[in-house]
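The values are calculated or read from the model by the stated rules, or taken from the named source; none is laboratory data. For clarity, every value in this text was computed on a predicted model and none was experimentally measured. Note that each Cβ is placed from the backbone with ideal geometry, even for glycine, and that neighbours are counted across all protein chains shown. Note: accessible area is taken over every heavy atom of the protein model, side chains too, but ligands, DNA and RNA are not part of it. Shrake-Rupley method; radii C 1.70, N 1.55, O 1.52, S 1.80 Å.
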Amino acid sequence: MSEKRYDPSEIEPRWQRVWATERTWEVVNEDPARAARARGAGEQGGRDVKSYVLEMLPYPSGEPHIGHLKTYSVGDAIAHFHRRTGHRVLHPMGYDAFGLPAENHAIRTGEHPRDSTAASIASFQRQFRSWGISIDWSRELATHEPTYYRWTQWIFLELLRAGLAYRKEAAVKWCPNDQTVLANEQVVEGHCERCGAEVEVRQLTQWFLRITDYAERLLRDLDTIDWPENVKTMQRNWIGRSEGAEVNFRCEDLDPAHPVDYPVFTTRPDTLFGATFFVMAPEHPDVLRLVEGTDREAEVREYVNRALTESNEQRGDAEKPKTGVPLGRTVINPVNGERIPMYVADYVLMEYGTGAIMAVPGHDERDYDFAVAHGLPIKRVIEDPTRRPGNRAPEDGGDDEDPAHPGLPYTGDGPLVNSHPEFDGTHNRTALSEIVAWLDREGKGHASVNYRLRDWLISRQRYWGCPIPIVHCDSCGMVPVPDDQLPVQLPDVEDYAPKGRSPLAAAEDWLSTTCPSCDGPARRETDTMDTFVDSSWYFMRYCDPHNDQAAFDPAALRQWMPVDQYIGGIEHAILHLMYARFFTKALADLGHLDFQEPFKALFTQGMITKDGAKMSKSKGNVVPPAAIVESHGADTARAYILFIGPPDQDADWSDEGVEGVHRFLSRLWRLASEVADRGKEAPHAAPPQAAHARPGQPAHAPAGPDLELMRKAHWAIEKVSGDLRRFAFNTAIAAVMELLNECYRLRESASAESERFALSSAASLLFPFAPHVSAEVYDMLTGERVWEQPWPQADTRYLESESYELVCQVNGKLRDRVQAPSEAGEQELIELCRKAPNVIAHLDGKQVVKEIVVPGKLVNLVVR
RNA sequence: GCACCAGUGCCUUAAUCGGUGAAAGGGCCGGCCUUAAAAGCCGGAGAUCCGGGUUCGAGCCCCGGCUGGUGCACCA
């Protein structure tokens, strides 16, 4: 027998060279007129139907890790499948090159971030090529290149001109370790998302993007896109829409002639009559004014200072007892004129609503805790319809319920009580809208919607980012850099170490400039942008990557956008995916685009773990993809990572599993060489193109082992096609394994022609997952290039047969099996079943009370 | 605490509409081949988290519980 062995180190570079020299995966933009015609042609436009397949761009740091291998293996499988099902596929690659890791590396080593980033990008490029990913390299970009960030700056200025970018002083999250501010989204449980340091609060003047203007649309349009439900839910929660009312509480204590109205936001205006006190956040600007010169001042000052210096984590702990101090002032409840005492307490947040709340301890758990701790009155204003008077609440609450306030706090629905004769007895949901209407008529409040989403803070006091194109002039103030002077280039600096201000402030030559407006002396803005700004529009740049007149030509975007299939990690469910949607909507409003959502469909892949734990350098359990490619080849690495489990779920890496997949590819290759050799001895064998032939007449009607093999092959075609459409790559690969097992089982008995057909079909189906060995095997068997072949079509005649095995059940238990003709009717099937020997035995002396027939499957006789 | 997802051989996964005796790979065991081993080929053992319900029939649907994961969490 042949001594040849499956050798990926020889096969893989050979096919990679073909794809590189022939530029197989490049697509060119069509001229707009033709593109418009193609769009008009609609779905059946065949080759002209575009498909934009995109994986989230990598952050180039060090070399690619196993997560990258998974992302691009998934994306490449989809890209190949789309190509072979008649789409023009755009599948580009780029690098999210600005960011903290490169800068931190520079601080440690002095190596310029540009150099370390370039080295890392080179390593990513090398490995992506060695994995055989089908990328259109002609569109490659990196966000740190001036040719790219010039347009990032232009977009910033567009947003500024539209009033969507602004500067304000605010209490912001500050990372003491990275010495920079953070976006809300980058603070995880009070710690910096990147370095884990505990985050502090600082008052700083910072740049923001007005994403909150888009809260409603970001929420609503989630219904228009094909994304995983859990990602949509996370975005909905993050946006946090609450419907309620804004209600004014009047304070006459300072100056009765000039009362002050303090608005509060509440989702429960139906409980207004139960408000027994009023609480302000420690940051509320009026807190100190309200106590100035009173005997409360000292205590309040002390409390506010303590609250402000407390870490987020300490303050945010929901388990912490409710603290606060009285202000010695009162406000008037607008619905009943009652004067209720004012407090300052740190459980009220300045950033949400108005920074002040009405407290309804009878129907809110936090207010209840506070009232109990401070001896404040607790009033029931909503009856619990399920509660029996005198009865303890069932099970829970029986022990820890406060006997003084049975059944409180109660947050459910029910009729109003103790409120107002007009509302008592009305169901609270009805009363709610009536009370809001009444407030509105009286000018004491109005319906209102609140969002949890905050504006996006984009300033970073760091070096390695996109400079903000603004100049500060003593006479003109803040002046945007004119478009024709972009980009504002990032200068070189000596010292990257953060000192609480941007390292750019030390670049004297760069810093001092002239005002574009008055030509007087001016200083440049020294903050850089959050890297999420860079990645919020890169998918558009791919459509027109070399344009030096504009960020992109709208006509180019019309050809490719939106992205048809976006692929990336679930960790970007909120940050990147929300920001990119915001940019798209803002740019659409400014007339630069004509679509509202950037990513039509999203696939989020799960994490690869090792021994159940996240891979990390500190744990020493990283599996570098390069090592697997080296030892087993890229095809094995790619196919294994897709075979390991459903791609949207986390999966644990196993070295044995890699061996198994390698063995599978090896068996495919070996049997294919054997069959190809056999074919040479029998040159008259028909070229096995049956997979693509119309269901017409086969050369001969296969029978016996040939028929079995043909059936299995067509079954696999059907199975893999369906699995690919639903991203079930693991089961698709398993189906090809089954097909190959069948090829081995029947290799002595089936004809060379059938074997060839089955094996070339297996290679064709495997191509999206293991392109090199599939191309090799297909070439050996057919002399054709598999990627130029259309996706195989299952011949339905092989999927059904003239007879099948009918399952005969008695009382739901399998008793026998008989052959039944496919076209047999129900009565015929019942007769067949009743005649089955083992069924007769079980029917003995019993009466059949019911007959259940599932055509094509079974007959169940119910007896008594 | 709330929400979502998941529990199938030793491990990782599969099982369209509820319809056969639960499938694949790895691991393990045995056989063939070999002087022997590896590789290869052939074969084997081995599972639906627990308790109820619906049904002629439940891994699949419903209810309750247990376990694990993820997200959110003082958002008024």
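Quick one: which residues, 5 or more positions from A:Arg241 or on another chain, have an amide H under 5 Å from its amide H? H modelled 1.01 Å from N in the peptide plane, none for Pro or chain starts.
HN-HN under 5 Å from A:Arg241: A:Arg452.
Take every DSSP beta bridge with both residues inside chain A and express the antiparallel ones as a percent of the total, to the nearest 5.
Beta bridges within chain A, antiparallel portion: roughly 75 percent.
With every protein chain in place, what's the accessible area of A:His363 (1.4 Å probe, Å², nearest 10)?
Near enough 10 Å² of accessible area.
Would you calculate the volume per residue, in Å³, of the smallest convex hull containing every Cα atom of region A:420-464?
122 Å³
Taking a 1.4 Å probe, which of A:Leu204, A:Leu739 shows the most accessible area, and what order do the others take after it?
A:Leu204, A:Leu739
Which cross-chain or sequence-distant (5 or more) residues have an amide H under 5 Å from the amide H of A:Glu30, H modelled 1.01 Å from N in plane?
none
Based only on Cα atoms, what Rg/Rh ratio does chain A have, Rh being taken as Kirkwood's radius?
1.06
Assuming R0 = 41 Å, can you tell me the calculated FRET efficiency for the pair A:Asp553 and A:Asp295, based on Cβ-Cβ distance, to the nearest 0.05?
For A:Asp553 and A:Asp295, the calculated efficiency is 0.05.
Given a Förster distance of 51 Å, report the FRET efficiency between A:Phe595 and A:Asp413 from their Cβ-Cβ distance, rounded to the nearest 0.05.
Approximately 0.75, to the nearest 0.05.
What does the highest-first list of A:241-251, A:49-59, A:527-537, A:285-295 look like by mean Cβ count within 10 Å?
Per-residue mean Cβ counts within 10 Å order the peptides as A:527-537, A:49-59, A:241-251, A:285-295.
What ³J(HN,Hα) values, in whole Hz, does the Karplus curve 6.51 cos²θ - 1.76 cosθ + 1.60 give for region A:109-124 when θ = phi - 60°, with x put for Gly and Pro?
10, x, 6, 4, x, 5, 6, 5, 5, 4, 5, 5, 4, 4, 5, 5
Out of all Cα-Cα pairs in region A:274-380, roughly what percent, to the nearest whole number, are more than 21 Å apart?
The proportion of pairs with Cα distances above 21 Å equals 31 percent.
Hey, what do the phi angles of region A:566-575 turn into as Karplus ³J(HN,Hα) couplings, whole Hz, using 6.51/-1.76/1.60 and θ = phi - 60°, x for Gly and Pro?
So the Karplus estimates, Gly and Pro as x, are 9, 9, x, x, 5, 5, 9, 3, 9, 3 Hz.
State which entries of A:Lys70/A:Lys712; A:Lys50/A:Lys585; A:Lys719/A:Lys813; A:Lys813/A:Lys850; A:Lys835/A:Lys857; A:Lys813/A:Lys846 exceed 24 angstrom in Cα-Cα distance in the structure shown.
A:Lys70/A:Lys712; A:Lys719/A:Lys813, as the Cα separations exceed 24 Å there.
Kindly provide the pair-distance distribution of region A:58-136 built from C-alpha pairs, with 10 Å bins from 0 and whole-percent values in order of increasing distance.
Using 10 Å bins, I get a P(r) of 18, 42, 25, 11, 3, 0 for region A:58-136.
So what is the calculated 222 nm ellipticity per residue for chain A, using -39500 (n - 2.57) for each DSSP H run with n of 4 or more, over all residues, to the nearest 500 deg cm²/dmol?
Value at 222 nm, helices only: -11000 deg cm²/dmol.
Based on the Cβ-Cβ distance from A:Glu831 to A:Glu630, what FRET efficiency comes out when R0 is 56 Å, to the nearest 0.05?
0.30
Give me the number: length gained by fully extending A:Ala119 to A:Cys195, i.e. 0.36 nm times residue separation minus the C-alpha to C-alpha distance, one decimal in nm.
25.0 nm
Quick check: residue separation of A:Ala257 and A:Met350 times 0.36 nm, minus the Cα distance between them. What number comes out in nm?
Between A:Ala257 and A:Met350, full extension yields 30.7 nm more.
Considering the Cα positions of region A:98-192, please state its Rg to one decimal place and its Dmax as a whole number of Å.
Calculated on Cα positions, Rg and Dmax stand at 17.7, 50 Å.
Within chain A, what whole-number % of the accessible surface is contributed by carbon and sulfur, with the 1.4 Å probe and all protein chains included in the calculation?
49 percent
Can you tell me how region A:242-450 classifies by the Cα gyration tensor, rounded, prolate or oblate, using a/c under 1.5 as the rounded cut?
oblate
Please list, ordered by chain and number, the residues whose modelled amide H lies under 5 Å from the amide H of A:Ala651; skip anything fewer than 5 residues away on the same chain.
Residues meeting the amide H criterion: A:Met607, A:Ile608, A:Thr609.
Give me log10 I(q)/I(0) at q = 0.18, 0.19 Å⁻¹ for region A:803-863, Debye formula, one equal scatterer per alpha-carbon, no solvent.
With no solvent term, the Cα-only Debye profile gives -0.50, -0.56.
Roughly how many Å² is the accessible area per residue of chain A, as a whole number, for a 1.4 Å probe?
Per residue, chain A has an accessible area of 44 Å².
Quick one: what are the phi-derived ³J(HN,Hα) couplings along region A:364-381, Karplus 6.51/-1.76/1.60 with θ = phi - 60°, whole Hz, x for glycine and proline?
Values, residue by residue: 9, 5, 5, 5, 4, 4, 5, 4, 5, 5, 10, x, 9, x, 10, 10, 8, 10 Hz.
Could you give the dipole magnitude of chain A about its Cα centre, charging the beta-carbon of Lys and Arg +1 and that of Asp and Glu -1, in debye to the nearest 20?
About 2020 debye.
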